[in-house]
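Right, one structure below, let's go through it.
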Amino acid sequence: MIDPELRIGVVGATGAVGRVTLEYLVDRGYTNIRTFASWRSAGGFLGDFEVEEATVRTLSAGDLDVCFFSIGTQWSRELVPVAAAAGAVCVDKSAAFRLDETIPLVVPEVNGERALEHTGIIANPNCCTIPLTMVLAPLQDAVGLRTVRVATYQSVSGAGADAIADLRAEDPDDHLLRMDWELDGLEFDEEVKLREEARKILELPELPVSASCVRVPVVVGHAESVWIETVEPLSPSEAERILAEAPGLRLEKMPAHGHAIGVDDVIVGRVRSDSTAENGLVLFLVCDNLRKGAALNAIQIAELIVGASLPSYFGQRRSA
């Protein structure tokens with residue numbers, strides 16, 4: 001069993017993902033938790049937890065065993081290495097370290113063994129990459145992947161607590177579809193992340209992945225339409241069987257956004273043939289982006305490390 005007295009830090013605890021991370025930790029029985037945020041929130045409370053200011057000084061003290069970061073790329077680059085150098089195992093939710101070849105990028109159900117190769121820092125993938133790779137991995141194992149195309153419909157909570165407040169303050173008639181990511185002239189950085197992170201996690205560096213991302217006016221819950229071309233033919237019914245047996249997935253004929261809110265599983269369904277491609281399949285998935293899309297995946301990574309065990313399905317996949 002994992003020690004409930006493990007010394008845990010939650011950095012960015014007042015944000016949307018940080019709050020869910022704290023809730024998970026408390027629900028799982030951890031008690032020795034410290035919460036950190038910017039100076040603006042320092043001195044306040046999250047339930048019984050007093051919020052400390054996240055600084056180089058506080059995170060370099062060497063008094064944390066595990067530290068979860070949900071503070072954005074710039075601050076992660078500054079503070080995560082400090083905490084790691086002080087002896088904490090750091091699980092970072094930002095894009096700061098995801099594509100660094102020396103740092104594991106981990107979805108425990110897919111490539112959990114990579115977390116055990118860490119040197120103090122493990123990257124938590126993008127909130128759309130996590131459910132996507134959980135669906136792609138068992139299909140890759142079964143018949144191989146030739147191409148992947150994905151369209152995302154991402155909730156505003158993926159942009160943080162301020163975006164949630166802005167949406168709630170809007171008149172419903174003012175709601176818009178948004179594309180609020182940085183554009184390099186061709187792709188949004190969110191689309192690049194989805195492609196490159198999926199390739200790294202699946203260990204398929206040449207896999208053709210094309211993504212189009214959009215922000216939709218809902219508070220929580222990301223959805224994705226996915227078009228897959230497989231190397232070997234696979235019927236929709238066989239694909240459903242494979243997905244139904246995969247860890248962390250729930251198969252539904254018609255995945256509903258509302259069914260995913262507050263749920264740990266990734267819901268997948270509408271599996272059907274795609275007549276426009278050889279060996280083509282189409283499917284739809286929905287996921288609570290604050291839970292498995294962020295906080296839960298990070299906690300599972302840390303528990304995998306401190307528990308020195310891998311999900312049972314991972315072992316089954318690698319021994320098959």
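The values are calculated or read from the model by the stated rules, or taken from the named source; none is laboratory data. As the structure is a computational prediction, the values presented were derived from the model and not from experiment. Glycine gets a Cβ as well: all are built from the backbone with ideal geometry, and neighbour counts include every protein chain shown. Ligands, DNA and RNA are stripped out before the accessible areas are found, and what is left, the full protein with its side chains, is counted by its heavy atoms. Shrake-Rupley method; radii C 1.70, N 1.55, O 1.52, S 1.80 Å.
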Mind counting the residues in the range 138-169 that are hydrophobic (A, V, I, L, M, F, W, C), part of a helix (DSSP H, G or I) and out of contact with any helix residue (DSSP H, G or I) (no Cβ under 8 Å at 6 or more places or on another chain)? 4
So how many residues does the range 20-49 have that are within 20 Å of V80 (Cβ to Cβ) and either touching a His at 6+ places or on another chain (Cβ under 8 Å) or free of Cβ contacts under 8 Å to residues at least 60 places away in the same chain (or both)? 10
Would you tally the residues in the range 154-163 being surrounded by fewer than 19 Cβ atoms within 10 Å (Cβ to Cβ) and either among the hydrophobic types (A, V, I, L, M, F, W, C) or modelled with pLDDT of 95 or more (or both)? 3
How do the pairs read when you match residues in the range 75-88 that are within 8 Å of G120 (Cα to Cα) with residues anywhere that are part of a helix (DSSP H, G or I), using Cβ under 8 Å and keeping only pairs 6 or more apart or on different chains? A88/L59
Residue satisfying all of: in the range 1-58; among the hydrophobic types (A, V, I, L, M, F, W, C) and open to solvent by 80 Å² or more (accessible area, probe 1.4 Å); modelled with the highest pLDDT among these: F45
Select, from V214, V218, the only residue that is of a type in the set (A, V, I, L, M), part of a strand (DSSP E or B) and more than 28 Å from I103 (Cα to Cα). V214
With the checklist (1) more than 21 Å from M254 (Cβ to Cβ); (2) in contact with a helix residue (DSSP H, G or I) (Cβ under 6 Å, 6 or more places away or on another chain) in hand, flag the one item H175 doesn't pass. (2)
Residues of the range 222-235 that turn out to be outside any strand (DSSP E or B) and touching a residue at least 40 places away in the same chain (Cβ under 8 Å), as a count: 4
What strands (runs of 3 or more DSSP E), lying completely within the range 30-137, carry at least 1 residues that are over 23 Å from L207 (Cα atoms), hydrophobic (A, V, I, L, M, F, W, C) and under 16 Å from the mean Cα position of the chain (by Cα)? 66-69, 89-92, 121-123
F68 being of a type in the set (A, V, I, L, M, F, W, C), closer than 19 Å to R19 by Cβ and touching a Lys or Arg at 6+ places or on another chain (Cβ under 8 Å): yes
Within the range 178-185, can one find any residue that is under 18 Å from S94 (Cβ atoms), among the charged types (D, E, K, R) and part of a helix (DSSP H, G or I)? no
Pairs with Cβ under 6 Å, 6+ apart, first in the range 187-210 and within 15 Å of G144 (Cα to Cα) and open to solvent by 20 Å² or more (accessible area, probe 1.4 Å), second modelled with pLDDT of 95 or more and assigned to a loop (DSSP other than H, G, I, E, B): R199/P205; R199/L207
Meets criteria (within 16 Å of C287 (Cα to Cα) and either at pLDDT 95 or above or not aliphatic (A, V, I, L, M) (or both)) for A151: yes
Report yes if some residue within the range 173-180 is surrounded by 15 or more Cβ atoms within 10 Å (Cβ to Cβ) and in contact with a Pro (Cβ under 7 Å, 6 or more places away or on another chain); otherwise report no. no
Being open to solvent by less than 10 Å² (accessible area, probe 1.4 Å) and in contact with a Lys or Arg (Cβ under 9 Å, 6 or more places away or on another chain) is the filter here, so list the residues in the range 112-125 that pass it. I122, A123, N124, P125
